[in-house]
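The structure under discussion appears below in the form of structure tokens.
The values are calculated or read from the model by the stated rules, or taken from the named source; none is laboratory data. Model, not experiment: these values are computed from the prediction. Note: ideal-geometry Cβ built from the backbone for every residue, glycine included; neighbour counts use all protein chains shown. For the accessible areas, the whole protein counts, side chains as well, though only heavy atoms, and no ligand, DNA or RNA atoms are used. Shrake-Rupley method; radii C 1.70, N 1.55, O 1.52, S 1.80 Å.
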Amino acid sequence: MSTITVGPHGPAAPDHPLSQTAPHAHKGSFLTTYIFSRDHKVIGIQFLFSTLLWFLIGGLLALAVRWQVAWPWTQIPILGHLFHLQGGQISPEFYTMLVTMHATVMIFLVIIPILAGAFGNFLIPLMIGADDMAFPTLNMLSYWFMWPAFICFLSSFFVAGGAAAAGWTSYPPLSDNPAAAPGSGMGQTLWLLGLVCVGISSMMGSINYMTTIIQMRAPGMTMFRLPLTIWAMFITAVLQAFALPVLTAAAFMQLMDRLLGAGFFMPDGSVVNNTINTAGGGQPLLWQHLFWFYSHPAVYIMILPAMGMVSDMISCFARKPIYGYKPMVYSIAGIAGLGFIVWGHHMFVSGMNPALGMTFMVSTMMIALPSAIKTFNWLGTIWGGKIQFTTPMLFALAFVSMFIIGGLSGIFMAATPVDIFIHDTYFIVAHFHYVLFAGTAMGVFGAIYFWFPKMFGRMMNELWGKVHFFFTFIFLNGVFYTMHILGANGFPRRYADHYRFATFAHLQPLNAFMTYCAMGLVGVQVIFIINFFYSMFLGPKAGRNPWHANGLEWSAPSPPGHGNFDFQPHVHRGPYEYGSPESTEDYYPQIQPPAEGLPPIADGHGH
């Protein structure tokens, strides 16, 4: 690691020779550099490309689901010949498989790994001033343990009976008995094996993230000088470390049920499809408890990192310090802590004791408090700021507005009496998609546009980025907002043909409208794909700090070389000192020493 003089706004001007990629200190073979790399940046980009590919697959599965809901039993255009055995139509069994695998792909192969795997890997060492992760080999394994999962989930489409079809919740007895349904055979076994591999991969990552953030911060980088992105990644890693082993163990138990007849989740004397289970004495509800003990915190694993990244983008493009830095940190921790004691609200209809249901209802509603603090702090940060409507900022603002809608609809279903009515309706689907697509996906798109210059050393096209944002925002609301209307009408989810019930017949035109919007939503991503790959090779060069941001990562070369920094970073303040009177510019990088005679800025400073 070389040493350079730190200037007033960073180590070197963008056109300085040092702003080019730093030379790799350790040259390896192609395999060790780009395939089995231990460099956190390469691993992060591997996660990014893998998850974006699965994002496309998950989107196509969703389109097939939407086609069936809008126009059941009609031939699918273009891809209909794949279903020649059903006359080009989707069979009921295939429909439940599509629903199951769409959710599985989006949750376990896209949202969780793109946040923690892609951005966690790429950003954590750069934003804390470290040269790599604490355990580089473990980091490499965390990516390659995803590949058995990829293979299991993908190959399950081609086995007898097809892929898993018991829903992403995989409730017994449908999932426990191989004779229950076509998708309960080998496809379900592969689903469980894939889930175990994803769990092991995530646990490897969480151990690495926690150790790196605690042990490898640059001199001067105290915990309350960490960017909120890092706080969110840290708390997410804690969630994964404590919650994920429960689901992984449950998946093993269900595998033992299916392969060895262990009977953890099957009651005595159960008969499914005229098949008597050889083992019993188990309890199907036990699976629900174990599944939701992980999968409710998983909702926060799927959004907390996006909240942190959006906070960084909003402060940068509002040119203001984050409003209430420490309350934001405590809110993230509060949301995560409460997430461990609310799993029962997914089971209100399971016949639980009303007193227990009341406990889960109250604790669930309490999550609205830290969520509201975060929302008001984002609004406080924007208020009075010199807002720059860049593409990342537009996606960040969309995240906040969509999260408000998703969060408010969540309060409805926290109430036991309301949830009992809307539990299996499209109201739940609307809430979930507003939080995780309209929320998290907007944060992810914003983060890609924001950190793309650091990843690849080039800028994405702003005009096409805004076109991508505009149509994505319009179409996603066309798809998901209308789901609330369906849910309020009691429109059930997971039915292959709703219109056999006359009471839902009038909702077919609305479903057709949603499906047209879904097609537009998937189609407009072509703009993003072209912009992404074109800019990787032909976009304008970015320099070290194209956004004039304060974080440590913006003082490293773009893209950073091996070891990340070409100087030893020393941190003097938090990452949100925009518009500081101590600086002649409207930004004040963390590495810039204060002028002589000025007192140091307190940790966690904000407005």
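Is the shape of the stretch 304-421 best called rounded, prolate or oblate, per the rule: a/c under 1.5 gives rounded, else a/b larger than b/c gives prolate, else oblate, with a ≥ b ≥ c the square roots of the Cα gyration tensor eigenvalues? All intermediate terms of the calculation are to be shown ahead of the outcome.
Numbers: a/c = 3.31, a/b = 2.38, b/c = 1.39.
Cα axes put the stretch 304-421 in the prolate bin.
Can you give me the convex hull volume of the Cα atoms of the stretch 368-518, divided per residue and expressed in Å³? Could the numbers behind the result be given before it?
Working: hull volume 20.1 nm³, N = 151.
Expressed per residue, the convex hull around the Cα atoms of the stretch 368-518 is 133 Å³.
Which value, in nm² and rounded to one decimal, describes the direction-averaged projected area of the C-alpha convex hull of the stretch 457-504? Kindly include the intermediate steps, with their values, before the conclusion.
Details: hull surface 21.6 nm².
Averaged projected area of the stretch 457-504's Cα convex hull equals 5.4 nm².
Which part of the stretch 39-61 falls in the paramagnetic zone of residue 533, meaning amide N under 20 Å from the point 7 Å along Cα-to-beta-carbon?
Counting backbone N atoms under 20 Å from the label point, the list is 45-61.
List the lysines whose Cα sits under 17 Å from the Cα of residue 541, skipping any in the same chain fewer than 8 residues away.
Within the straight-line limit of under 17 Å, residue 541 reaches these lysines: 454.
Once you have the Cα-Cα distance between residue 36 and residue 595, take 0.36 nm times their residue separation minus that, and quote the gain in nm to one decimal. Write down the numbers at each step before the final one.
Details: separation 559, 0.36 × 559 = 201.24 nm, distance 4.50 nm.
Between residue 36 and residue 595, full extension yields an extra 196.7 nm.
What are the radius of gyration and Dmax of the stretch 260-305, computed over its Cα atoms and given in Å?
Both quantities, over Cα of the stretch 260-305: 15.2, 47 Å.
Checking a compactness column here: for the stretch 265-354, what do you get for Rg(Cα) / (2.2 N^0.38 Å), N being the number of residues? Could you put the intermediate results ahead of the total?
Values: Rg = 20.9 Å, N = 90, 2.2 N^0.38 = 12.2 Å.
Expressed relative to 2.2 N^0.38 Å, the Cα Rg reads 1.72.
Let's test the formula: R0 of 30 Å, r as the Cβ-Cβ distance of residue 155 and residue 275. What FRET efficiency results, to the nearest 0.05?
Details: r = 25 Å, r/R0 = 0.84.
Result of the calculation: an efficiency of 0.75.
Please report the Cα spread of the stretch 67-182 along all three principal axes, rounded to whole Å, starting with the longest.
Principal-axis extents of the Cα atoms in the stretch 67-182, largest first: 58, 34, 20 Å.
What translational diffusion coefficient, in µm²/s and rounded to a whole number, does the Stokes-Einstein relation yield for the stretch 190-246 at 37 °C and a viscosity of 0.692 mPa s, taking the hydrodynamic radius as the Kirkwood radius over Cα pairs? Before the final figure, lay out each step's value.
Values: Rh = 12.4 Å.
D, rounded to a whole number, is 265 µm²/s.
At 25 °C and 0.890 mPa s, what whole-number value in µm²/s does Stokes-Einstein give for the translational diffusion of the stretch 478-607, with Rh from the Kirkwood sum over Cα pairs?
It diffuses with D of about 121 µm²/s by this estimate.
Using a Förster distance of 25 Å, how high is the FRET efficiency between residue 489 and residue 411, based on the Cβ-Cβ distance and rounded to 0.05? Kindly include the intermediate steps, with their values, before the conclusion.
Values: r = 20 Å, r/R0 = 0.80.
Between residue 489 and residue 411 the formula returns 0.80.
Could you let me know the centre-to-centre spacing of the stretch 469-537 and the stretch 341-415, using Cα atoms, in angstrom?
Between the Cα centres of the stretch 469-537 and the stretch 341-415 lies a distance of 22 Å.
How are the C-alpha pair distances of the chain spread across 10 Å bins, as whole percents from the shortest bin up?
Result, from short to long distances: 3, 16, 27, 27, 16, 8, 2, 0, 0 percent.
If R₀ is 30 angstrom, what is the calculated FRET efficiency for the pair residue 171 and residue 516, using the beta carbon separation as r and rounding to 0.05?
On the way: r = 33 Å, r/R0 = 1.09.
Using R0 = 30 Å, I get an efficiency of 0.40.
Below 18 Å, Cα to Cα, which lysines can residue 320 reach? Residues fewer than 8 away in the same chain don't count.
Of all the lysines, those that pass the test against residue 320 - Cα under 18 Å, at least 8 places apart if same chain - are 374, 386.
If the chain between residue 420 and residue 386 were fully stretched, how many nm would it gain, using 0.36 nm times the residue separation less the Cα-Cα distance?
Numbers: separation 34, 0.36 × 34 = 12.24 nm, distance 4.59 nm.
This chain segment gains 7.6 nm when fully extended.
Dividing the Cα convex hull volume of the stretch 366-431 by residue count, how many Å³ per residue is that?
On the way: hull volume 5.2 nm³, N = 66.
Per residue, the Cα convex hull of the stretch 366-431 comes to 78 Å³.
So what is the calculated 222 nm ellipticity per residue for the chain, using -39500 (n - 2.57) for each DSSP H run with n of 4 or more, over all residues, to the nearest 500 deg cm²/dmol? Kindly include the intermediate steps, with their values, before the conclusion.
Numbers: 19 runs with 323 residues, N = 607.
Dividing the helical sum by the residues of the chain leaves -18000 deg cm²/dmol.
Share of the chain's accessible area from carbon and sulfur, percent, 1.4 Å? Kindly include the intermediate steps, with their values, before the conclusion.
Working: 16620 of 23330 Å².
Ligands and nucleic acids excluded, carbon and sulfur give 71 percent.
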